[in-house]
Every structure is written in C-alpha cells, then in structure tokens.
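Notes follow once the structure below has been shown.
The values are calculated or read from the model by the stated rules, or taken from the named source; none is laboratory data. What you are looking at is a predicted structure, and each value in this text was computed from that prediction instead of being measured. Cβ placement follows ideal geometry from the backbone for every residue including glycine, while neighbour counts extend to all protein chains displayed. Keep in mind that these areas ignore ligands, DNA and RNA; they rest on the heavy atoms of the full protein, side chains included. Shrake-Rupley method; radii C 1.70, N 1.55, O 1.52, S 1.80 Å.
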There are 2 protein chains.
Amino acid sequence: MSSGPELGLATMYRLIKKSGAERVSDDAADELQKILEDVAEKIAKQAVDLSVHAGRKTVKSEDIRLASKNILKL
Amino acid sequence: MSSGPELGLATMYRLIKKSGAERVSDDAADELQKILEDVAEKIAKQAVDLSVHAGRKTVKSEDIRLASKNILKL
C-alpha cells in the first residue's frame with residue numbers, strides 16, 4: 001500500500017522555517033515528514049471506515065473531520 | 001505568516017484513495033489539507049519553542065518528536 005512518502009522534505013523544511021526556526025536539522029524535517037504521513041494515513045483510513053459505516057462509497061469532509069477528532073488532541 | 005497551503009490537494013486525494021476510498025469528495029481533500037497544515041504548524045511552532053528552551057538555534061528531530069506528543073493522541 002505505501003509506496004514512498006507523499007509529502008516532500010522541502011515542504012517540511014519550509015513549514016518549520018515559517019514557524020520561526022533559525023536552523024532546521026535534516027533529521028527534524030525527516031521526523032516531521034514521518035509524523036505527518038502517519039497522521040494522514042490514520043485519519044484517511046478511519047475516514048474510509050466511517051464512510052462505509054454511513055453506507056456511502058464516497059469519503060466526505062464530515063468523515064475526515066470525525067476521524068481527525070480521534071487522532072488529534074487539538 | 002501563512003502564505004497559502006504548503007501541502008497539495010492532489011496529494012490529499014491520493015492519500016485518501018490509498019487508504020481504500022472508492023470515491024473522494026472535493027471537500028474531503030480540502031478538509032484533510034486544512035487539518036494537516038494545522039497539525040504541521042502546531043508541531044513546528046512548539047518544536048521551535050522547545051529548541052529555544054534547550055538553548056539551541058537549530059530545531060532537531062527530538063524537538064519535533066516531543067512537540068508531536070503534545071498534539072497527537074497516537
């Protein structure tokens with residue numbers, strides 16, 4: 001199922017820089033990439049389950065929203 | 001500080017498709033994009049604070065890791 005990272009490393013650097021970092025280690029960008037990919041996959045998988053549960057074949061924003069609540073402390 | 005989304009919509013579609021979705025609404029991809037951008041920004045900002053707290057100018061993977069623990073239920 002996984003075929004390499006979907007999110008780019010350059011994007012990760014930029015995101016950390018934008019948040020006020022003076023310097024960003026390569027490892028830090030790698031780590032953020034891994035974590036975001038993991039979060040995205042967990043939300044997406046749960047959203048698919050929720051759409052099936054609701055008798056739909058289409059994943060909708062409400063599925064993504066509910067799935068994210070179970071994964072984020074936000 | 002924010003200057004448009006860093007994560008692409010096509011990537012969001014692909015991530016949800018890869019998780020087993022038959023169909024994905026436009027709203028769902030939008031929603032996942034918004035959520036991931038928000039998570040990334042929150043983790044990055046907290047990681048910057050943690051690096052400063054540790055007396056460093058460089059954000060390291062350990063900062064990202066600790067910051068993510070405060071934001072994710074994973």
Next item on the list: Please state, rounded to one decimal and in Å, the Kirkwood hydrodynamic radius that chain B gives when every pair of distinct Cα atoms enters the mean of 1/r.
Entry: 13.9 Å
Next item on the list: Starting from a label point 7 Å past Cα on the Cβ side, list the distances from A:Ala10 to the same position in the other copies, nm, shortest first.
Entry: 1.4
Next item on the list: Could you run the Karplus curve 6.51 cos²θ - 1.76 cosθ + 1.60 with θ = phi - 60° over segment A:54-60 and give me ³J(HN,Hα) per residue in whole Hz, x for Gly and Pro?
Entry: 8, x, 10, 9, 10, 7, 10
Checklist line | Shortest-first distances to equivalent copies, position B:Arg56, nm, label 7 Å out along Cβ | finding: 4.2
Check: Given the Cα atoms of the protein assembly as shown, and with Rh set as the inverse mean 1/r over their pairs in the Kirkwood sense, what is Rg to Rh to two decimals?
Finding: 1.00
Next item on the list: Can you send over the carbon and sulfur percentage of the accessible area for the protein assembly as shown, probe radius 1.4 Å, protein chains only?
Entry: 50 percent
Item checked: Rule-of-thumb Rg ratio for segment A:1-44 [Cα; 2.2 N^0.38 Å; N residues] -> 1.20
Item checked: Interface area, B with A, accessible, probe 1.4 Å, both sides summed, Å² nearest 100 -> 4300 Å²
Item checked: Vicinal HN-Hα couplings computed from phi for segment A:12-27 (Karplus, 6.51 cos²θ - 1.76 cosθ + 1.60; Hz; Gly/Pro x) -> 5, 3, 4, 4, 6, 4, 4, 7, x, 6, 6, 9, 10, 6, 4, 4
